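Report on the following structure.
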Amino acid sequence: MVSPILSVKGLVKDYPGVRAVDHVDLELIPAEVHGLVGENGAGKSTLIKILAGVARKDAGAIFLKGREVEIRSGEEAHRLGLSFIHQELNLVPYFNAAENIFLGYPYPKSKFGTIDWGKLHSDASHILEQLGNPLPTYLPVTSLSRGEQALVAIARAFAQDAFIYVMDEPTASLSEEEVQNLFRVIRWLKSQGKTVLYVSHRLEELFEITDRITVMRNGRVVGTYPTTAITKAELIRQMIGQTVNEITPASQPLQKGEPLLSVEGLCGGRIWDISFTLHKGQILGLGGLVGSGRTELLQMLFGVLPISSGKVFLNGQPFCPQSPADALRHGVVYMPEDRHSQGLILNRSVLENVTFPHLNALSWLGLFPNRAEERQITQ
């Protein structure tokens with residue numbers, strides 16, 4: 001039996017009103033790709049934050065190579081040989097790709113003691129090429145797409161010579177080609193004796209890349225299985241505690257309501273000749289690869305981006321929002337892909353974030369907010 005390279009025993013983490021991690025045990029062995037799955041709120045990200053030194057455990061122990069360790073900070077986690085790709089990219093927006101990739105590491109120095117910018121960019125380019133995705137390293141990351149920013153965050157993790165790589169939803173913003181390039185690098189890491197803890201909601205990825213899978217539910221580990229010994233249906237049952245058939249209602253004939261939103265020949269930016277109709281009471285799915293224009297289409301319908309040509313009808317009336325405020329007045333809301341930079345003001349309270357779009361209605365002369373009404377809305 002191979003000795004584990006990392007062992008978590010009885011790990012507990014409490015937040016006000018909830019136990020996020022409940023006596024979790026987990027073992028990783030050398031040269032394996034270990035999947036970690038569970039529904040939202042199962043405790044996966046909290047467990048990773050504890051290993052990264054971002055959150056402090058309330059009970060339990062962590063062992064690396066058989067030795068108990070206390071991980072009090074991200075710097076300490078790196079020193080111990082752990083590297084992380086977090087769900088949130090955590091990039092410095094106006095730094096370029098090279099600066100972000102080596103952020104937190106000593107920058108190379110010239111013989112005069114100054115930063116050797118040429119070598120910094122050369123080293124960054126080399127890592128990106130290993131990932132199969134050469135990017136312009138001199139541009140600020142704000143000018144890169146969400147998928148390209150994700151690749152910069154992944155490259156930053158690989159800039160460290162670690163022995164355990166923890167990846168939390170690394171492919172969420174990647175195209176299929178970029179995903180396969182990442183898998184190629186993961187397989188190479190495994191061949192070098194490295195260990196990967198891989199978190200994903202995409203079950204097909206887990207069956208393609210992992211050796212074992214641990215399932216979490218409600219903060220607890222419910223089982224660890226060799227990937228070849230469990231089916232997708234059984235994995236889902238372990239995640240949610242019941243079979244899909246038990247929670248899926250019997251199919252009903254599709255009842256279409258009146259047309260609510262009609263789009264005809266919409267064009268603008270990379271969007272070209274898009275047409276569809278959304279009916280009342282209907283959920284319409286919109287799919288496509290990264291860069292296909294899904295986000296741009298939604299932003300045009302919300303007034304973030306201009307519509308060049310085409311027609312949009314809302315409840316049978318012409319609709320061409322000039323701004324998000326205009327779209328909101330017509331009853332159209334938008335939940336952006338990047339919640340942190342586009343959907344929330346992180347240094348303001350939950351109450352303020354919920355009520356920001358309604359300040360005029362909740363204020364007297366637009367200046368004095370009615371706090372009682374604000375609190376009532378958020379309850």
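Tell me the net charge near Leu120. Cut-off is 14 Å between Cβ atoms, Leu120 excluded, with +1 for each Lys or Arg and -1 for each Asp or Glu.
0
Among Asn90, Ala42, Pro108, whose Cα lies farthest out toward the positive end of the dipole of the range 41-111, if unit charges sit on the beta carbon of Lys, Arg (+1) and Asp, Glu (-1)?
The residue sitting most towards the positive pole is Pro108.
Cβ under 14 Å from Tyr107's Cβ, Tyr107 left aside: what net charge do those residues give with Lys, Arg +1 and Asp, Glu -1?
Cβ neighbours under 14 Å give a net charge of 0.
Among DSSP bridges having both ends in the chain, what percentage is antiparallel? Round to the nearest 5.
Around 70 percent of the beta bridges assigned by DSSP in the chain are antiparallel ones.
About its Cα centre, what dipole magnitude does the chain give when the only charges are +1 on Lys and Arg Cβ and -1 on Asp and Glu Cβ, stated in debye to the nearest 20?
Rounded to the nearest 20 debye, it is 540 debye.
How large, in percent, is the carbon and sulfur part of the accessible surface of the chain at a probe radius of 1.4 Å?
54
Does the chain classify as rounded, prolate or oblate by the C-alpha gyration tensor (a ≥ b ≥ c root eigenvalues; a/c under 1.5 gives rounded; else a/b over b/c gives prolate, otherwise oblate)?
It is prolate, given that a/c is not under 1.5 and a/b is the larger ratio.
What order do Arg339, Arg146 take when sorted by accessible area (1.4 Å probe), most exposed first?
Of Arg339, Arg146, the descending order of accessible area is Arg339, Arg146.
Kindly report, to the nearest 10 Å², the accessible surface of Tyr138 as traced by a 1.4 Å probe over protein heavy atoms only.
So the heavy atoms of Tyr138 present about 150 Å² to solvent.
Ordered by packing density, taken as the mean number of other Cβ atoms within 10 Å over each peptide's residues, highest first, how do 38-47, 68-77 rank?
In descending order of packing, they fall as 38-47, 68-77.
How much solvent-accessible surface does Leu362 expose, in Å² to the nearest 10, with a 1.4 Å probe and all protein chains in place?
The accessible area comes out at roughly 10 Å².
In whole Å, how far is the Cα centre of the range 274-340 from that of the range 12-52?
The distance from the Cα centre of the range 274-340 to that of the range 12-52 comes to 37 Å.
With the other protein chains left in place, how much accessible area per residue, in square angstrom, belongs to the range 254-305 at a 1.4 angstrom probe?
62
Per DSSP H run of n ≥ 4, the term is -39500 (n - 2.57); total these for the chain, divide by its residue number, and report the mean residue ellipticity at 222 nm rounded to 500 deg cm²/dmol.
Value at 222 nm, helices only, nearest 500: -8000 deg cm²/dmol.
Starting from the Cα-Cα distance between Gln87 and Leu346, subtract it from 0.36 nm times their residue separation and give me the gain in nm to one decimal.
Gain in length upon complete extension: 91.6 nm.
Of Lys109/Lys194; Lys190/Lys232; Lys65/Lys119; Lys44/Lys119; Lys57/Lys109; Lys44/Lys65, which sit over 27 Å apart, Cα to Cα?
Lys109/Lys194; Lys65/Lys119; Lys44/Lys119; Lys57/Lys109
Which order do the peptides 276-284, 160-168, 90-98, 232-240 take when ranked by the mean count of other beta-carbon atoms within 10 Å per residue, highest first?
160-168, 90-98, 232-240, 276-284
Using +1 at the Cβ of each Lys and Arg and -1 at the Cβ of each Asp and Glu in the chain, identify which of Ala150, Ser73, Gly193 lies farthest towards the dipole's positive end.
Looking along the dipole axis, the top candidate is Ser73.
With a 1.4 Å probe and all protein chains kept in place, how do Lys190, Lys13 rank by accessible area, largest first?
Lys190, Lys13
Within the set of other residues whose C-beta is less than 11 Å from the C-beta of Tyr225, count the net charge using Lys and Arg as +1 and Asp and Glu as -1.
Cβ neighbours under 11 Å give a net charge of -1.
Can you give the accessible area of Phe356, probe radius 1.4 Å, in Å² rounded to 10?
Surface open to solvent at Phe356 totals about 70 Å².
The values are calculated or read from the model by the stated rules, or taken from the named source; none is laboratory data. None of the values given here were measured: they were computed from a predicted structure. Methodologically, a virtual Cβ is constructed for each residue, glycine included, from the backbone with ideal geometry; neighbour enumeration extends over all protein chains shown. Calculation scope for accessible area: heavy atoms of the full protein, side chains included, ligands and nucleic acids excluded. Shrake-Rupley method; radii C 1.70, N 1.55, O 1.52, S 1.80 Å.
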